[in-house]
Amino acid sequence: MNSKDFTEPLGGVITWNINTACNYRCSYCTQRHLKDRTRRGGEIEAFLRAFAQLPGIWEIKLSGGEPFLHPKLDELVAGIVSLGHYVSIVSNFSANISRLSSFLEATGDHLKVFSISLHREYVNTELALLEFTNKINWLQSHIPIRSSVNVTCVATRDNLPHLVSLHNWFMSHKITFKIQPEKQDREVIKYSPEEELLLKRLGGHNQLQEIAFNFKGRLCWAGSRYFTLDDRGDAWRCYPARRYRKEYLGNILKGSLQLFDTPRPCLYNYCNCTVPIERRMMFVKE
């Protein structure tokens, strides 16, 4: 991307953790120490009223916790779609076909990305993997033509010996497979040079060819055309900002959300969220 091409994105993206509830307890989960893991998001109508005030069309990327545990998920996504916005979702894919079907009906042709987290502590046999894959194939046959599906897997040390075979397995089933580095204490764990080489051979973090991104000082539209949101309505510029409690944008439910007017330099040594990078909101010289 040339600097002259670094114009304001036409659309915006919100990464919204709609709840903290999760039916899994993965040993490497960065949220495993939360005291309120069963909290479910509320105030659906208030969130929708706030989304109606956003400028332009936005992609609202739902995650948790596990979003399919939200008791009003279908009502929520139907409301988002009625405003003209788009929906993406990150899920552990434990929901049954009936539950997935009702979600797809609610999103209609406004589904953008369905990202599936593979947790090998729960999908831990050949039969379980086959059933998991068959359900993904069902999903792919029922989503709109412009929507996409991918599977992600955290590159824990337990998972490292299996990543190549998993990559080959999903590729043979025409399913996009992405790896994500393990994070502990806010940073990517220390991989050996051999492990780093393996991860880069598999595409790096979300197939973006790097393991950890450092864009400190570079202009980014995060805070203007991208922000993170929690189930209480608090908004931050991006995940690193939220992690360090900097660049707070206000509370969307209280009407105090204030987005930036222009791109601003990145303040962080490590960018752990690839949304601004993938959506071309981060200035990167080619």
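The values are calculated or read from the model by the stated rules, or taken from the named source; none is laboratory data. Just so it is clear, the structure is predicted and the values come from calculations on it, not from any experiment. Reconstructed Cβ throughout: ideal geometry from the backbone, glycine too, with neighbour counts over all protein chains shown.
Taking (1) surrounded by fewer than 16 Cβ atoms within 10 Å (Cβ to Cβ); (2) at pLDDT 95 or above in turn, Val151 satisfies each apart from (1). When region 170-194 is examined, which residues are found to be in contact with a Leu (Cβ under 8 Å, 6 or more places away or on another chain) and in a strand (DSSP E or B)? Passing the criteria: Phe177, Ile179, Pro181. The single condition among (1) at pLDDT 95 or above; (2) surrounded by fewer than 18 Cβ atoms within 10 Å (Cβ to Cβ); (3) under 19 Å from the mean Cα position of the chain (by Cα); (4) not in a helix (DSSP H, G or I) that Lys61 does not satisfy is (2).
The set of residues in region 185-208 that are without any contact (Cβ under 8 Å) to a residue 40 or more places away in the chain and under 25 Å from Arg243 (Cα atoms) comprises Asp185, Ile189, Lys190, Tyr191, Glu196, Gly204, Gln207. If I filter region 111-128 for residues that are part of a helix (DSSP H, G or I) and crowded, with 17+ Cβ neighbours inside 10 Å, do I get at least one hit? No, region 111-128 contains no residue that is part of a helix (DSSP H, G or I) and crowded, with 17+ Cβ neighbours inside 10 Å. Count of region 67-94 residues, restricted to those that are modelled with pLDDT of 95 or more, in a loop (DSSP other than H, G, I, E, B) and either in contact with an Asp or Glu (Cβ under 9 Å, 6 or more places away or on another chain) or more than 26 Å from Val154 (Cα to Cα) (or both), is 5.
For region 69-95, a tally of residues being within 28 Å of Tyr122 (Cα to Cα), out of contact with any strand residue (DSSP E or B) (no Cβ under 8 Å at 6 or more places or on another chain) and either free of Cβ contacts under 8 Å to residues at least 40 places away in the same chain or among the β-branched types (Val, Ile, Thr) (or both) returns 4. Every test in (1) touching a residue at least 24 places away in the same chain (Cβ under 8 Å); (2) crowded, with 16+ Cβ neighbours inside 10 Å is passed by His173 save one, and that test is (2). A count restricted to region 220-243 and to residues that are in a helix (DSSP H, G or I) and in contact (Cβ under 8 Å) with a residue 40 or more places away in the chain stands at 2. If only residues of region 176-213 that are modelled with pLDDT under 90 and on the phi > 0 side of the Ramachandran plot are counted, the one that is nearest to the chain's Cα centre (by Cα) is Asn206.
Condition test on Leu208, is it closer than 19 Å to Asn17 by Cβ and in a loop (DSSP other than H, G, I, E, B)? Taking the combined requirement at face value, the residue does not satisfy it. If only residues of region 244-280 that are assigned to a loop (DSSP other than H, G, I, E, B) and on the phi > 0 side of the Ramachandran plot are counted, the one that is modelled with the lowest pLDDT is Arg280. Would you confirm whether or not region 186-199 contains a residue that is within 22 Å of Pro67 (Cα to Cα) and surrounded by fewer than 18 Cβ atoms within 10 Å (Cβ to Cβ)? No.
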